[in-house]
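Undergrad: Just passing along the structure, written as structure tokens.
No value in this document is a laboratory result; all are computed from the given coordinates. The structure presented is a predicted model; accordingly, all values stated were derived computationally and were not measured. Note that we place each Cβ from the backbone using ideal geometry, even for glycine, and neighbour counts take in every protein chain shown.
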Amino acid sequence: MLFVRFTVNGARSAKADEESDPRVRLRYQLSLADAAGLPLAKPVIGEVVADLAPQDKQWKPKVQAEFELPTGLVRGQAKLDIQLEDQVAGTRTARLVEISLAGPVVPDDAPLGPAAFGFYRAEDAPEPVLTPIYRPGQTVWARFSILGFARTAEHRYDVAYGLEAFNAAGASLFRQEMAAEQTGESAYPRRYLPSVLSLHLSQDLAPGAYRIQLLLHDRISGRRAASDHRFTVE
């Protein structure tokens with residue numbers, strides 16, 4: 001959530017003898033967009049109306065708003081466009097405010113593939129292991145983000161992924177063409193897809209070096225990609 005709050009200087013009040021009109025009538029519209037101009041949320045439109053008493057000479061209109069940011073934001077700058085209309089004075093003003101967005105760095109020309117691939121001890125482990133070493137009978141967990149997939153004009157995406165496991169000699173031990181899929185449609189275009197996979201190790205698995213080959217299939221563009229990720233069994 002993004003919360004916005006500000007006061008307005010210079011709002012004019014109606015004359016004292018205009019009892020049928022509010023002392024202050026201020027309209028506002030707040031719009032939030034990313035650096036490319038794509039809306040991040042619906043505009044917030046509202047009005048501040050106040051009938052001031054003589055002792056309220058120092059009073060200033062206050063505006064509060066909140067925006068629910070979309071899932072999948074990348075690091076960059078957002079722009080908050082503030083439009084104000086003083087309906088008593090018949091004047092308008094505007095201000096543009098830059099807001100930093102947190103998130104991963106995703107190049108516009110990123111190829112189809114994983115980013116931030118890490119091995120974990122458990123599905124909900126907060127941090128990846130520095131040295132991926134497992135024992136027979138354990139489950140290998142991995143988390144990563146998929147980049148470089150295609151999107152339709154409606155921001156629909158459709159990516160499937162699987163895996164193949166190999167021993168040190170390069171012999172295939174297990175293959176699953178489609179372990180999971182990431183498909184959907186969003187109002188704001190997704191640039192990366194957080195994903196997870198797991199591989200259960202058999203109790204009789206020999207110690208040694210192993211690798212997982214991650215298999216990606218972008219079903220919109222038809223592109224495929226594979227990447228290797230190594231771990232050890234002791």
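Undergrad: Looking only at residues that are part of a strand (DSSP E or B) and polar (S, T, N, Q) in region 78-99, which one is nearest to G37 (Cα to Cα)? Steps first, please.
TA: Taking region 78-99 and keeping what is part of a strand (DSSP E or B), we get 78-86, 91-99.
Now narrow it down to the ones that are polar (S, T, N, Q): 83, 91, 93.
Details: Q83: 16, T91: 26, T93: 20 Å.
Within region 78-99, the match that is nearest to G37 (Cα to Cα) is Q83.
Undergrad: Looking at region 112-123, which of its residues are touching a Pro at 6+ places or on another chain (Cβ under 6 Å), farther than 16 Å from I146 by Cβ and in contact (Cβ under 8 Å) with a residue 24 or more places away in the chain?
TA: Across region 112-123, the qualifying residue is only F119.
Undergrad: If I filter region 137-174 down to residues being closer than 15 Å to R121 by Cβ and not small (G, A, S), which single residue comes out as farthest from the chain's Cα centre (by Cα)? Spell out how you get there, then give the answer.
TA: Residues of region 137-174 that are closer than 15 Å to R121 by Cβ, as a first pass: 137-143.
Retained after the next criterion (residues that are not small (G, A, S)): 138-141, 143.
Numbers: Q138: 32, T139: 29, V140: 27, W141: 23, R143: 17 Å.
Filtering first and then ranking leaves Q138.
To keep it simple, each residue is scored yes or no on (1) on the phi > 0 side of the Ramachandran plot; (2) without any contact (Cβ under 8 Å) to a residue 60 or more places away in the chain; (3) small (G, A, S).
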{"site": "A110", "(1), (2), (3)": "no, yes, yes"}
{"site": "A125", "(1), (2), (3)": "no, yes, yes"}
{"site": "H155", "(1), (2), (3)": "yes, yes, no"}
{"site": "A160", "(1), (2), (3)": "no, yes, yes"}
{"site": "E181", "(1), (2), (3)": "no, yes, no"}
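Undergrad: Now, a different point. Only one of A225, A150, A180, A160 is of a type in the set (A, V, I, L, M, F, W, C), surrounded by 13 or more Cβ atoms within 10 Å (Cβ to Cβ) and under 30 Å from K42 (Cβ atoms); which?
TA: Working: A225 fails: under 30 Å from K42 (Cβ atoms); A180 fails: under 30 Å from K42 (Cβ atoms); A160 fails: under 30 Å from K42 (Cβ atoms).
None of the others qualify; the one that does is A150.
Undergrad: With touching an Asp or Glu at 6+ places or on another chain (Cβ under 9 Å), under 30 Å from L147 (Cα atoms) and either crowded, with 17+ Cβ neighbours inside 10 Å or polar (S, T, N, Q) (or both) as the only criterion, which of A11, A78 stands out?
TA: Details: A11 fails: under 30 Å from L147 (Cα atoms).
Going through A11, A78 in turn, just one is touching an Asp or Glu at 6+ places or on another chain (Cβ under 9 Å), under 30 Å from L147 (Cα atoms) and either crowded, with 17+ Cβ neighbours inside 10 Å or polar (S, T, N, Q) (or both): A78.
Undergrad: Here is a follow-up. Restricting to region 100-114, name every residue that is outside any loop (DSSP other than H, G, I, E, B) and within 15 Å of the chain's Cα centre (by Cα).
TA: Going residue by residue through region 100-114, those that are outside any loop (DSSP other than H, G, I, E, B) are 100-101, 113-114.
Residues satisfying the conditions are S100, L101.
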